[in-house]
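Just below is one structure, and these are the notes that go with it.
The values are calculated or read from the model by the stated rules, or taken from the named source; none is laboratory data. Keep in mind that this is a model prediction, so the values were computed, not measured. Please note: Cβ atoms are built from the backbone with ideal geometry, for glycine as well, and neighbour counts cover all protein chains shown. Quick note on the areas: whole protein, heavy atoms, side chains included, nothing else; ligands and nucleic acids left out. Shrake-Rupley method; radii C 1.70, N 1.55, O 1.52, S 1.80 Å.
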Amino acid sequence: MCMKKTILITLCLCLTGFVQAQEQIALESYDNLGYFMTHDGVGSQAEMVQGGNQTLSGKWFMIPGLADPEGITFESVDLPGNNLRHRGWVVYLDPTATDNLFLNDSTWFIREGLADPNWVSLESINYPGQYLVQDNFGLILATPANDQLGSATFRIITETPRSRYPNPLNNATYVPQEEDVVLSWEPGKFAVAHDVYLGTNFSDVDSADTSSPLLVSPTQDANSYNVGQLEFGQTYYWRIDDINAPPDETVWKGDVWNFTIEPVAYPLPTESITAMASSQVVGQGPENTINGSGLVDGLHSRESEDMWLSTAEEPGQAWIQYEFDKPYKLDKMLVWNYNGTSILTNYGLKEVTVEYSLDADNWMQLDNVPEFAQGPGANDYAYDTTVPFNEVTAKYVRLTAVSNWGGGVSFFNRYGLSEVEFKYIPVSARQPSPVNNARDIAIDTDLGWRAGREAAEHKVYVSSDQQAVIDGTAPVETVSQPSYGPLSLDLEDTYYWRVDEVNNAEATPVWISSIWSFTTSEYLVVDDLESYNDIEPGEEGSNLVYSTWVDGFESPTTNGSTVGYVELFQPSMETETVHNGSQSVPFTYNNAVASLSEATASTSDLASGSDWTKGGAGVFGLWFYGDPNNSVTEQMYVKVNGTKVLYDGDPGDIAIPKWTLWIIDLASLGVNQSNVTTLTIGLERTGATGGSGTVLFDDFRLYKVPVNPGTENLVHSYTFEDGTANDSVGSAHGTLVGDANIADGSLLLDGTDDWMSMPGDVIAINTFSEVSIEAWFTSVDSNNTGNHMLAAFGEVGTGESPTAGYKYVFITPARGDDVSRAAIQTSSMDTDPWDDETGVSASGEHDDGLLHHFVCTVNSTSLAFYIDGDLIGVADLADGNEISGISQAAAYLGKGVYTVDPEWAGAIHEFNIYNKALSPSEVIYLATH
C-alpha cells in the first residue's frame, strides 16, 4: 500500500471530522512556509500573508462542499456567511449564494499534494485539473506547470486535543493481510500518553474503558502500535484516548475508527473481461452480464435490457463465454440468474456445465457445479448462487446451459443470465508505483508494486519498447523485494514495465502482471533558484544566492555584476516576475568601468551536479527576462567549464519584458559533459563604452537535443508569406472576413468583426488520432479584454444555449481574467459547456504586444499546452472529451465559437496544424528556431 496515498486519504477523512466540529483551520503555503491564506474583507482577493494564521482573517471553517459534500468549502471565521470562491480565475471572498455557479465555484476536492504527498492540493469541482494556485502571493485557479507544483500545494493546520490522521485510514478496505498492521496517528496537541483500544465490534470499542480487555496498550508513549497480522475480510475498530500532562491529566476520548483487512479473493474488474455468447436477443447481449447494468449495491433490477438472453436454442446449445485480459487464479463466481418479470424467470439457467481454459482450445470441466437458483422476478435481487472454482488457473470460462427453469416447455427454449462476478486470488503484482500512465517521473526513479500473494521472487522487465516488454524480450532483473531501482532512464521518454511473480513450488510457477507505463521528466534541473533565502550567514538554514553564484560585488572594477537585490531589509530575490515557482534571480550588470559582468557557480552546489550527460541531456537552457531600460550594447554569454558561448539571438532581447528561452548545444562547446565543474552567466561590453541594466534569470535546465518535427505530419500551414490566406501545405484555404487583411507576411486583425475562416470540413480535425495546433502571434498590447480565442474549431449554438460554443478546441492568449488557456470540450451540450472543458491555463495573459509562440497538443488521453517553448501543463481528458468529437462546422483564426465573445486583435504570423501530438523537444525546436 502506498504510504503517500494512505496519508492523503487519512487526511481527507479526518478533515471531515473537523468540518463537523466547526474547528478552525489555517492554510499554509508550501512554497513560502509561514505564509497563510487570508482575506481583506468581503469581495477581496484571497492572498498568502506571512503570519496570516495569527489573525482572524487567516482562519477558516472548513465545511462540507456546497456543491458536493465529498468536497470542502472554506467559510471565513471573522466574516461568517462568506466563502472562498474562484471568479474569473481569481480566488475571492464572496457572500454565500445559492446559485449553481457559486456553489461550484466555492467547492474544492482535497487531493494528494502535487509537490509533496504529505501535503494537499485543492482541485476545483467545476474545472477538473485546475487547482487553487499561489500566483506570487495572490490566489488563482489554474493548472500548475510541472515545475510550479509547489504553488498548488498547501498544508491544513489545525489544533485539537484529540488524536487524528489515523493510519490505516478510517473506513479503509483491502488493508494488506500478509503484513503486520501498524496503527499510527497524530497525537492531540497536549497528549503525553495514549490508551489504545482494538476490537471487532463498534459498540464494544466505543464503550470500552480502562478495565476492558479491548485496551490493548495502556498509557503508551509512542504514536503507533503494531497489531500483527490480522484475519482476511475482518473489520476492526480502534480508538485512541489522549492523556494530558499533569497536573490535570485529562483524558480525551477519541473517535472510533475502523479498517477492513483484504478479502481472500478480489472481484475481477469489468474492464478485464470480455463476454461473448452463442446468440442473443437484440438489446440483451452477453456484455450485460459483466458491465453492471441493472446492478446497484449488489442488487439487480428485473429490466430485460440489463440481462443476457439467447435466441431459441436446444438444450446444450446455448452458451456464454468470458475471456479475461490474462490468466487468473479463480476462487469462485457469484451468479445473478435471469430475472425477467413473472414467468420470464424460467429463462434462467438451471443445470450448467462450466469449463475453463488457458488458450480457448483445451478445456477442462469444473467439478461440483451447483444448480443455479431461479431468479425472483423482482427488483433488488441479490446473488443466490456461488460456483466454487477452487483456485484453478484460467483465462477463459464457458458456461453451457444444460437446462433452464422452463421445465423443457418449448416456449421457454431461451437461456439467460443477469450478472456474474468472478473472484480471484491476487497472485500477480499489482498497485504499481509510479502509477500507470504517470507523467514527469524522475529519470532515477524506483519502481515499486504490491507483491503477488505467493511470490518468492520478482522478475522486472523495463524498456521503452512496449512490445519487448509484452514479449518478455526486454532487459530483466530478478529481485527479492517488491521494489527495483534506482533506474537510469532518458529524459522525455515513455517506459513500459511488468513484473513476473515467481514461485517454482506452486502449480503455476509464474504470474505475469499487466503492462504499465510512465513518462519521464522533460528536463533536469540545474538550478531552479527556489532554495535561496535571506537568512543571515552562519544561521541555520542560510542559503544566500550570492554565496552560490559568486558575483563582482566586491570587485566592481573588474566584474560589474551583482546577483540579487541589495536594498536593505528587502528580499534579495525577485518574487513578482518569475518564470516558474516563486522566485527568480536579478542579475545587475554595469560595464561602465569593468568590461564584463558575470557570476559563477560550482556545479557541486547545484541540483544537477557535474554529470550533464544524465538522461541523454544534450542542451543547456536558461530563461531570461529583460527590462526596456536595459542597455542593449552588451553581449550576453554563458561559460561551461570556462568555455564561452555567446547569445545567438537579438541583443535587444535583454530589453524585452518577457521570458525567453536560450538553448545551448553542449556538444558544440567541446567540453567534458560528464564532468562539468563550473557554470557562468554574464554580459560583456561590445563597444568602447559599456552599459548597465538588470536581467532576471530563472530555471537553468538540461534538456534533450531539440528535434525538428519536419513536415511529414504538417497537414495544414498558413504562413501568409505570399500575401494570401492560402494553406501552403494542404487545400484548406482560408477566407478573410470583414477588415481582416494580410501584410508583411502576417494576418492583421483589429478585433472588430474581422477574422479568418478556414474550411473545417476540409481540415477535418476530428479525423485525426492526435493533433497539434501551433501559432506565432503578436497581440495588440492590452487590447483583448474579453474571452477571446486566437484559434478555434467547433460549432456555435447547437446545444441548449444559442450563443454557446460546442464540440470545440481552442487556444487563447487573453481571456480578460489574467490567464492564457488551451481547452477541448466535446462532451456537453448543456447551457454551460465551459464547465466540462478539459484544459490547461497559464497564469498571466500574453496580451502584451510581444511576439509569442503557442502550441496545444491533444492525443487519446490528454491535452498539453506550451507557451514560448515551455510546457505549461498536461490535463487528462475528461470522459467524452476527445478529438473525434470536435465539430467540422467552424474553424477560425481571431474568432471564437461563442457568439457573445469579442474577436481578437493582433497579428498572426504563422499558424500550423499537425496530425500528431508534438513532443516537448519538438516544441522547443519550433519555439527556438
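What the table below lists for this structure:
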| quantity | calculated |
| --- | --- |
| Subset of the stretch 116-174 [out of contact with any strand residue (DSSP E or B) (no Cβ under 7 Å at 6 or more places or on another chain), among the aliphatic types (A, V, I, L, M) and open to solvent by less than 20 Å² (accessible area, probe 1.4 Å)] | Leu169 |
| Test: residue in the stretch 535-545 that is crowded, with 18+ Cβ neighbours inside 10 Å, at negative phi and not β-branched (Val, Ile, Thr) | no |
| The stretch 267-295 residues that are within 23 Å of Thr341 (Cα to Cα), paired with ones that are part of a strand (DSSP E or B) and open to solvent by 30 Å² or more (accessible area, probe 1.4 Å) (beta carbon under 7 Å, 6 or more apart) | Ala277/Trp319; Pro286/Met276 |
| Boolean, Phe810 is under 17 Å from Trp755 (Cα atoms) and of a type in the set (Phe, Trp, Tyr) | yes |
| Residue count, the stretch 238-254 (criterion: surrounded by 16 or more Cβ atoms within 10 Å (Cβ to Cβ) and either under 18 Å from Thr173 (Cβ atoms) or of a type in the set (Asp, Glu) (or both)) | 3 |
| The stretch 509-532: number of residues that are more than 30 Å from Thr393 (Cβ to Cβ) and without any contact (Cβ under 8 Å) to a residue 24 or more places away in the chain | 1 |
| Given (1) surrounded by 17 or more Cβ atoms within 10 Å (Cβ to Cβ); (2) under 16 Å from Met333 (Cα atoms), number of the condition Val264 does not satisfy | (1) |
| Options Thr219, Thr200: the member that is at positive phi and over 35 Å from the mean Cα position of the chain (by Cα) | Thr219 |
| Residue in the stretch 178-231 that is surrounded by the most Cβ atoms within 10 Å (Cβ to Cβ), counting only those that are touching a Pro at 6+ places or on another chain (Cβ under 6 Å) and within 14 Å of Asn167 (Cβ to Cβ) | Trp185 |
| Answer from Glu179, Glu231, Glu186 - the residue that is within 28 Å of Tyr266 (Cα to Cα) and at pLDDT below 95 | Glu179 |
| Of residues in the stretch 797-838 being under 18 Å from Ala905 (Cα atoms) and of a type in the set (D, E, K, R), the one modelled with the lowest pLDDT | Asp817 |
| Flag for Asn881 being under 26 Å from the mean Cα position of the chain (by Cα) and open to solvent by 10 Å² or more (accessible area, probe 1.4 Å) | no |
| Odd one out for Lys326 among (1) in contact (Cβ under 8 Å) with a residue 60 or more places away in the chain; (2) surrounded by fewer than 17 Cβ atoms within 10 Å (Cβ to Cβ); (3) among the charged types (D, E, K, R); (4) outside any strand (DSSP E or B) | (4) |
| Qualifying position, being over 24 Å from Val264 (Cα atoms), free of Cβ contacts under 8 Å to residues at least 40 places away in the same chain, within 42 Å of the chain's Cα centre (by Cα) and in a loop (DSSP other than H, G, I, E, B), among Ala373, Ala360 | Ala360 |
| The stretch 735-759 residues that are surrounded by 17 or more Cβ atoms within 10 Å (Cβ to Cβ), paired with ones that are of a type in the set (Lys, Arg) and modelled with pLDDT of 95 or more (beta carbon under 6 Å, 6 or more apart) | Trp755/Lys895 |
| Only listed residue being touching a residue at least 60 places away in the same chain (Cβ under 8 Å), within 21 Å of Ala277 (Cα to Cα) and buried (at least 20 other Cβ atoms within 10 Å of the Cβ), chosen from Val387, Val420 | Val420 |
| Residues of the stretch 65-104 classified as over 16 Å from Glu47 (Cα atoms) and either in a strand (DSSP E or B) or basic (Lys, Arg) (or both), total | 3 |
| Unmet requirement for Ala142, which otherwise passes all of (1) within 17 Å of Asn118 (Cα to Cα); (2) at pLDDT 85 or above | (1) |
| Residue in the stretch 601-612 that is aromatic (Phe, Trp, Tyr) and open to solvent by 20 Å² or more (accessible area, probe 1.4 Å) present | no |
| Check on Ile441, touching a Lys or Arg at 6+ places or on another chain (Cβ under 8 Å) and aliphatic (A, V, I, L, M) | no |
| Index of the failed condition, Asn784 passing every other in (1) buried (at least 24 other Cβ atoms within 10 Å of the Cβ); (2) at pLDDT 90 or above; (3) under 22 Å from Trp659 (Cβ atoms); (4) not aliphatic (A, V, I, L, M) | (2) |
| Verdict on Asp868 being of a type outside the set (S, T, N, Q), within 23 Å of the chain's Cα centre (by Cα) and surrounded by fewer than 24 Cβ atoms within 10 Å (Cβ to Cβ) | yes |
| Residue in the stretch 344-352 that is assigned to a loop (DSSP other than H, G, I, E, B) and either open to solvent by 50 Å² or more (accessible area, probe 1.4 Å) or closer than 26 Å to Pro509 by Cβ (or both) present | yes |
| Boolean, Glu75 is under 24 Å from the mean Cα position of the chain (by Cα) and more than 24 Å from Ser582 (Cβ to Cβ) | no |
